[in-house]
Amino acid sequence: MTNTQVTHVQIDNYGPWTVTPEPRREVDLQTLQSRLYADLSQLFGNRNGYVFFTRFDNMIAVSNGLDVDDHAMIQESVGNRYPVTMSMAVATGTTPVQALGDATGELQDAGSAQDETRREILRGRTIDEEFRTDADVQIAHFDVNDATGKYTDELNEFDTFIHIEQGYAELMRYMRTAHGSLSFFVGGDNVIAVCPDLDAEDYLDAIDHVNEAVDVELKVGVGRGRTAQTAGMAAKHALEECRATGADVELDF
C-alpha cells in the first residue's frame, strides 16, 4: 500500500500583486515564476522530494521524508529572496488524489488565495518516521514512443507541441479519474505520474486509452521507494528497459 505525502504550495495574494500598484510586465512575472519553481525544485529536491509547477502560482510537491520543520525552512528561504510569500499545506493518503484534496482543503480553510491578510500559512501533517516504508511512493515515468521520428523531425514545433500536449492532457485526465493519480508534464515528451498501488494492467489500460482517444502511443517505467526521488530513479531505469526491449510497461519492484 502506498502512503503518499503531498504538499500544496500556493503564492499568497498573487493575482492582486501582479497588478499592484499597476500591471507588471509579463516578462518580469514569467521570470519570477520560473525562478521560484527552479528554487523550489532544488529546495525540495535537496530533501529527496519532487515539485511540479502546475499553474506556477500553485505548485504540487511529493514530499515524503520532509517534516514540518523542513517545510518551514523552505518557506523562510523563499520569503527572504522573493517579493511574494507562499503558503503550504501538507497531507498524506493512500492515493495522491486524496492527499492533495486534503492539503488543498487545509489551504482553503485558512483563507482565499487572494486574501491579502493570509500570509505564509503552514498547515497539515507529515508521515511519522516510524510509519514510513520503502513502498510509500509509486512513480510512473511515461514518454511518447518515437516522438522525435513522428513529431520533432517531421512537424513544426508548434504542431509537435500540440500532439504532445494532447497526449499529456488525456493521460492526466484519465490517470486522475480512473486510477487516483496525479500526472505532470516535465518537458520534452515526458510525463511523471504519482500513483497509488497500481499494477501493470492498470498502466496498460491508461496507455491503451490515450492511444485510442488521441492517437498518441506511450510507454512507461514504474518504480517504488521511500521518497519521490528513490521511486523516480527506479522508474527511470524501468523506462530505459522499455526502450531496450520495446515493452510498453516495466515495473522496477
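The values are calculated or read from the model by the stated rules, or taken from the named source; none is laboratory data. Note that the structure is predicted; figures quoted are calculated from it, not measured. Here Cβ is always computed from backbone atoms with ideal geometry, including for glycine, and neighbour counts include all displayed protein chains. Quick note on the areas: whole protein, heavy atoms, side chains included, nothing else; ligands and nucleic acids left out. Shrake-Rupley method; radii C 1.70, N 1.55, O 1.52, S 1.80 Å.
To the nearest 20 debye, what charge dipole does the chain have about its Cα centre, counting +1 at the Cβ of each Lys and Arg and -1 at the Cβ of each Asp and Glu?
Numbers: 19 positive and 44 negative charges, 177 e Å.
The dipole of the chain has a size of about 860 debye.
Of Phe52, Val137, Met175, whose Cα points farthest to the positive end of the dipole of the chain (charges on the beta-carbon: +1 Lys, Arg; -1 Asp, Glu; origin at the Cα centre)?
The Cα lying farthest towards the positive end belongs to Phe52.
Which residue, chosen from Thr245, Thr18, Thr2, occupies the Cα position most advanced towards the positive end of the dipole of the chain, where the dipole is computed from +1 (Lys, Arg) and -1 (Asp, Glu) charges on Cβ about the Cα centre?
Thr18
Scan around Val249 for amide H atoms under 5 Å from its own, H built in the peptide plane at 1.01 Å from N, and keep only partners 5 or more places away or cross-chain.
Those lying under 5 Å, H to H, from Val249 are Val220.
Against the longest principal axis of the chain, how steep is helix 200-214, in degrees 0 to 90 to the nearest 10, with axes from Cα atoms?
The answer is roughly 90 degrees.
What does the charge dipole of the range 118-253 about its Cα centre add up to, to the nearest 20 debye, if the Cβ of each Lys and Arg holds +1 and the Cβ of each Asp and Glu holds -1? Don't skip to the end; give the middle numbers.
Working: 13 positive and 29 negative charges, 183 e Å.
In debye, rounded to 20, the range 118-253 gives about 880.
What are the ³J(HN,Hα) couplings of the range 16-25, residue after residue, when phi is run through the Karplus curve with 6.51, -1.76, 1.60 and θ = phi - 60°? Round to Hz, x for glycine and proline.
Along the range 16-25, the couplings run x, 4, 5, 10, 10, x, 8, x, 8, 4 Hz.
Using alpha-carbon pairs under 8 Å, 6+ residues apart, how would you state the relative contact order of the chain in percent? Before the final figure, lay out each step's value.
On the way: 507 pairs, mean separation 55.5, N = 253.
It comes to 22 percent, rounded to a whole number.
Just in the range 1-96: which trypsin sites (Lys or Arg not before Pro) are loop by DSSP and have at most 12 other Cβ atoms within 10 Å? Could the numbers behind the result be given before it?
Details: sites: Arg24, Arg25, Arg35, Arg47, Arg55, Arg81; in loops: Arg24, Arg25, Arg47, Arg55.
Passing sites in the range 1-96 are Arg25, Arg55.
Just need the relative contact order of the range 166-253 here, percent rounded to a whole number, with Cα pairs under 8 Å and 6+ apart.
Values: 133 pairs, mean separation 19.3, N = 88.
In percent, rounded to a whole number, it is 22.
For mean projected area of the Cα convex hull in nm², the listed values are [x] 15.0; [y] 16.3; [z] 14.0; which was obtained by calculation from the structure presented?
Only one option fits the structure, namely [z].
Provide the packing ranking of 199-209, 166-176, 133-143, i.e. peptides ordered by the mean count of other C-beta atoms within 10 Å per residue, highest first. Don't skip to the end; give the middle numbers.
Values: 199-209: 16.8, 166-176: 20.0, 133-143: 23.1.
Ranked from most to least packed, the peptides come out as 133-143, 166-176, 199-209.
Under a 1.4 Å probe, what is the accessible area of the range 181-253 per residue, stated in Å²?
On the way: 3050 Å² over 73 residues.
Accessible surface, normalised per residue, equals 42 Å².
Shape call for the range 37-114 from the C-alpha gyration tensor, a ≥ b ≥ c root eigenvalues: rounded (a/c under 1.5), prolate (a/b greater than b/c) or oblate? Show your work: numbers first, answer last.
Numbers: a/c = 1.59, a/b = 1.14, b/c = 1.39.
The shape class here is oblate.
Measure out, as a whole number of angstrom, how far apart the alpha-carbon centroids of the range 95-161 and the range 175-226 sit.
Each part's Cα centre sits 14 Å from the other's.
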